[in-house]
1. Could you list all residues from the stretch 150-168 that are farther than 19 Å from LEU94 by Cβ and without any contact (Cβ under 8 Å) to a residue 12 or more places away in the chain?
2. Among the residues of the stretch 386-401, how many are of a type outside the set (A, V, I, L, M) and open to solvent by 20 Å² or more (accessible area, probe 1.4 Å)?
3. Examine the stretch 261-284 for a residue that is touching a residue at least 40 places away in the same chain (Cβ under 8 Å), open to solvent by 30 Å² or more (accessible area, probe 1.4 Å), of a type in the set (S, T, N, Q) and touching a Gly at 6+ places or on another chain (Cβ under 8 Å), and state whether such a residue exists.
4. Looking at ALA214, is it open to solvent by less than 50 Å² (accessible area, probe 1.4 Å) and assigned to a helix (DSSP H, G or I)?
5. With respect to THR354, determine if the residue is modelled with pLDDT of 95 or more and surrounded by 15 or more Cβ atoms within 10 Å (Cβ to Cβ).
6. Which numbered condition in (1) touching a residue at least 12 places away in the same chain (Cβ under 8 Å); (2) more than 23 Å from PRO98 (Cβ to Cβ) is the only one that MET246 fails?
7. For the stretch 200-228, what are the residues that are under 20 Å from the mean Cα position of the chain (by Cα) and of a type in the set (Ser, Thr, Tyr)?
8. Pick from the stretch 181-232 the residues that are small (Gly, Ala, Ser) and in contact with a Lys or Arg (Cβ under 9 Å, 6 or more places away or on another chain): which of them is nearest to ALA394 (Cα to Cα)?
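The values are calculated or read from the model by the stated rules, or taken from the named source; none is laboratory data. Everything numeric in this text was worked out from a predicted model, so none of it was measured. Virtual Cβ from ideal backbone geometry, glycine too; neighbours counted across all protein chains shown. Just the protein is used for accessible areas: all its heavy atoms, side chains included, with ligands, DNA and RNA removed. Shrake-Rupley method; radii C 1.70, N 1.55, O 1.52, S 1.80 Å.
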Amino acid sequence: MTDLLSRPNAAGPGRGSAKGSSGAAERRPLNVTAALAALGAAATTLLTCMGLAVIGWFLADAGAHGQTTDALRVGADAWLVGHGAHLTLSGVPLGIVPLTLTGLIAMVLFRSGRWAAATSQPVEDDRSVLLAATVLTGIYVVIAVVTCTLVAQDSASPSLGRAIVGALLLSGVAGTLGLAAGTGRLRAWGDLVPGWVRSVAYGACVGFALLVAASAVLVVAALATGLNEAASVMTGLRLGAGDHLMYALATIAVAPNAVLFGSAYLLGPGFAVGTGTVVSPTLVALGPVPAFPLLAALPGDGPTPGWAVCLLAVPVLVGAAGAVLAQHNYGVTAYDSAALRGFASGFGAALVTTVAIALAGGPMGTGRMADIGASASEVFVAAVMAMSLGGLVAGVVTAWWQRR
């Protein structure tokens, strides 16, 4: 009787345990979900670009010119340009990367990688995560290569090499971070980084973010003052509904580029909107500019107001703010260590700023429009001088305050 009474109790937990483990057993391996994530991220962003191109084509002329495949090819070209590929249209180079599209692609890749990790079988070692990241990156790069090969024509040819590099960097960085975040390994990787490196990286990120925020405020203020001019430009073009949509999408796509040009302006060297032009706090020499709404924010030719020189203090202040926040979060009491960390955080912010500004520029044609953007070397020198100096002084002052 005792055996008969005890059997159901013994069997019950066993069945429940088997049922509870079946959910984990039904999950796919991480490599499989990583491959699905690469396919899903590429399909989502590529089809979105193609869909917008088709919508704009029908709104512009109701499909009277060209074919649907032409619109689809334009959308695929835009997707490749978002990865950094330069486009050549009938011998005319178009090299400005729409950073809004690039950011959206990176976000989709990150979320796809995180989804792959969250819906796969649990992993506890870094080797499995890195192998899955290799699978995701490899499949995504193959899709970019196939797309670039299929859409290439004599009249419109995206650069295959830059498309490969861009797809490799975006999927390799964003996808790997997504996989690491979904598996919980990202925090473990962060704990392996020495404290002084985290301090410098934190200060550099804060300094760069504050400079971009200040540049965004500058661009918005300049656009507000030139709003009537922008409206006049759009009215004079006499565009239809589809053309207005394409102009709006193009403006949104390159808005981060304009903000980074504002950062080059705040740093001092300024930027060019055509060969032989310059827009800086001390001098503006432009001449005729294309009819594009964002260009209404540009100041007029000639000498600048005296107060514009005061804007050069902004990079110093943001470099100092980054060092102060880094010192508060990863503080050291020794003056020499605080000074070195403050200088290093400012230098890191200058390096990140230079790379971002360099990515924002590029040619938009031949002749006068072959030079749009800022000089990377001039920006780097100005950024290091301003942000590193601000970080060094702020690090020492913050350490003195904390010692008190």
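1. Across the stretch 150-168, there are no qualifying residues.
2. The total comes to 2.
3. Within the stretch 261-284 (the criterion being touching a residue at least 40 places away in the same chain (Cβ under 8 Å), open to solvent by 30 Å² or more (accessible area, probe 1.4 Å), of a type in the set (S, T, N, Q) and touching a Gly at 6+ places or on another chain (Cβ under 8 Å)), the answer is yes, since at least one residue qualifies.
4. For ALA214, the condition - open to solvent by less than 50 Å² (accessible area, probe 1.4 Å) and assigned to a helix (DSSP H, G or I) - is met.
5. So THR354 passes the test.
6. Failing condition for MET246: (2).
7. Passing the criteria: TYR202, SER215.
8. Of all residues in the stretch 181-232, those small (Gly, Ala, Ser) come to 181-182, 184, 188, 190, 195, 199, 201, 203-204, 207, 209, 213-216, 221-222, 224, 226, 230-232.
Then keep just the ones that are in contact with a Lys or Arg (Cβ under 9 Å, 6 or more places away or on another chain); that gives 181-182, 190, 199, 203.
Values: ALA181: 33, GLY182: 37, GLY190: 26, SER199: 14, GLY203: 11 Å.
The selected residue is GLY203.
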